[in-house]
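For reference, the structure discussed in these notes is given below.
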Amino acid sequence: MGSGQVELTSKIKEAIIIDHHKPTGKLEHVQFNPHLVGIDGSTELCASCGAYMVARQMGDNTDLAGLAIAGATGDKQPMKALINLSSMKPLLINNNYHQRASNGGWAVEEIFENSIDPYLDITGDKDKIKVFLDNLGIIGQLRDLSEEQLTKLSSVIILKLVKQGSLPAVDSLIGDNYNLNNEVVQNIYDFVNILNACGKDEKAGIALSLCMRDASAIDEAKATARENQRALISAIKKAQVQIKSGRSFRYVLLEDSSGTGIIAGTMTRYLYPDKPFLTFNEIEGKIRVSGRGTRKLVGAGLDLATAMREASATVGGMGGGHDVASGATIPIGTAMKFIDLVDSIIEKQLKPKT
């Protein structure tokens, strides 16, 4: 988070920072950041789009537009200008199994078994998934379902989301599904999730190979993504039974867990959208904190970047990010003090204005 952590970037003598997190402190480097010109980087321009804009000034690099759009999709930013894409309007089950399913490789039940987007009460449970699909009379691969079956399936999923209180997630379930025509993984949601999984598994080289259109990396990348999805579902289910509540947010204390940002995001998106959610993960001699909110909460005053930055600095750590999604690293033994500090900050942010 280069723009938001001047205490680290100040140690680097020569650098150009391309970022979309809110800048803090004195600018000591050349920076490309939308916030500096009045554009909200959390919703309107992500770092990969910034990198693309810089690349466009370096030569004819319009073929890289797909990478910029993948970055925007990964940051859940809305599509306003589309380049080099084709689109369709399917039922969006946003994970790397969607493409395999549409190519005949995965049955519908396997998608629900391994998908966290959408995250439902049947996710990862073979028996519940079988009962669910049997009741609907649905079997086979997603691409083979009739329009009537797809409508029935999407309607029931929407009802499940409404029952969970996941109203904001409903809009994203059905809509445009974009293909990146120049990339080796063309389905945009597959591409994003594969890149995320490679990053989480410290396989940045594999992700970079895909971005450079090396098709030989696809099989290893997809295998990494499959294992990552399964580990995430297990971690989310484990976290669900350990949730604690502060006055203004919910949180969970974990150890050596993976995908803590995704856990927090899943909780606010699908299970508990009424309050921010924080995950605390004790790993490698420190505590990493991931916080997620919703656009509705941000509209009410939530700013997780400020909350994380101020609270972490008080306990000897560091943090920052976006108003809706942010993170921090704090010393072991400071979690409860940090929780009290963040609780007070968020409580003030969300206090009704009179």
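The values are calculated or read from the model by the stated rules, or taken from the named source; none is laboratory data. The model shown is predicted, which means the values in this text are computed figures rather than measured ones. Because the Cβ atoms are built from the backbone with ideal geometry, glycine has one as well, and the counts that use them run over all protein chains shown. Ligands, DNA and RNA are stripped out before the accessible areas are found, and what is left, the full protein with its side chains, is counted by its heavy atoms. Shrake-Rupley method; radii C 1.70, N 1.55, O 1.52, S 1.80 Å.
Annotations
- Considering residues of region 274-322 that are under 21 Å from CYS46 (Cβ atoms) and of a type in the set (Val, Ile, Thr) only, the residue surrounded by the most Cβ atoms within 10 Å (Cβ to Cβ): THR294
- Any hit, region 201-208, residues being closer than 21 Å to GLY293 by Cα and either buried (at least 20 other Cβ atoms within 10 Å of the Cβ) or modelled with pLDDT of 90 or more (or both): no
- Spans of strands (runs of 3 or more DSSP E) in region 1-104 with at least 1 residues modelled with pLDDT under 80 and open to solvent by 20 Å² or more (accessible area, probe 1.4 Å): 85-88
- A single member of VAL241, VAL252, VAL162 is under 30 Å from PHE338 (Cα atoms), open to solvent by 50 Å² or more (accessible area, probe 1.4 Å) and not polar (S, T, N, Q), and it is VAL241.
- For region 338-352, the tally of residues that are modelled with pLDDT under 95 and among the basic types (Lys, Arg) stands at 1.
- Annotation note: Cβ proximity below 9 Å between a residue of region 277-295 that is without any contact (Cβ under 8 Å) to a residue 12 or more places away in the chain and a residue that is among the acidic types (Asp, Glu) and assigned to a loop (DSSP other than H, G, I, E, B) (sequence gap 6+ or interchain) occurs for GLU284/ASP256.
- Residue count for region 202-220 satisfying the condition of being under 20 Å from ASP75 (Cβ atoms) and under 18 Å from the mean Cα position of the chain (by Cα): 2.
- Unmet criterion (only one of (1) part of a helix (DSSP H, G or I); (2) under 15 Å from SER258 (Cα atoms)) for GLU202: (1)
- Every residue from region 207-252 that is part of a loop (DSSP other than H, G, I, E, B) and under 26 Å from ARG269 (Cα atoms): VAL241, GLN242, ILE243, GLY246, ARG247, SER248, PHE249
- Scanning region 323-339 for residues that are closer than 28 Å to GLN77 by Cβ and hydrophobic (A, V, I, L, M, F, W, C), we see that the one that is surrounded by the most Cβ atoms within 10 Å (Cβ to Cβ) is ALA328.
- Within region 105-131, the residues that satisfy the criterion of being open to solvent by less than 20 Å² (accessible area, probe 1.4 Å) and not hydrophobic (A, V, I, L, M, F, W, C) are ASN114, SER115, PRO118, TYR119, THR123.
- Region 205-241: number of residues that are over 28 Å from GLY66 (Cα atoms), free of Cβ contacts under 8 Å to residues at least 24 places away in the same chain and among the hydrophobic types (A, V, I, L, M, F, W, C): 1
- Test: LYS244 is without any contact (Cβ under 8 Å) to a residue 12 or more places away in the chain and either under 28 Å from ILE158 (Cβ atoms) or not hydroxyl-bearing (Ser, Thr, Tyr) (or both): yes
- Per the conditions (1) within 26 Å of TYR178 (Cβ to Cβ); (2) within 17 Å of the chain's Cα centre (by Cα), the sole criterion not satisfied by ILE236 is (1).
- Within region 182-192, the set of residues being modelled with pLDDT under 90 and in a helix (DSSP H, G or I) comprises ILE188, TYR189, ASP190.
- Residues of region 113-155 classified as under 27 Å from the mean Cα position of the chain (by Cα), closer than 30 Å to THR268 by Cβ and of a type in the set (S, T, N, Q), total: 6
- Residues in region 265-276 that are among the aliphatic types (A, V, I, L, M) and without any contact (Cβ under 8 Å) to a residue 60 or more places away in the chain: MET267 alone.
- Pairing each residue of region 132-155 that is open to solvent by less than 50 Å² (accessible area, probe 1.4 Å) with any residue that is of a type in the set (D, E, K, R), provided the two are 6+ apart or on different chains, yields C-beta distances under 7 Å for LEU133/GLU109; LEU136/LYS152.
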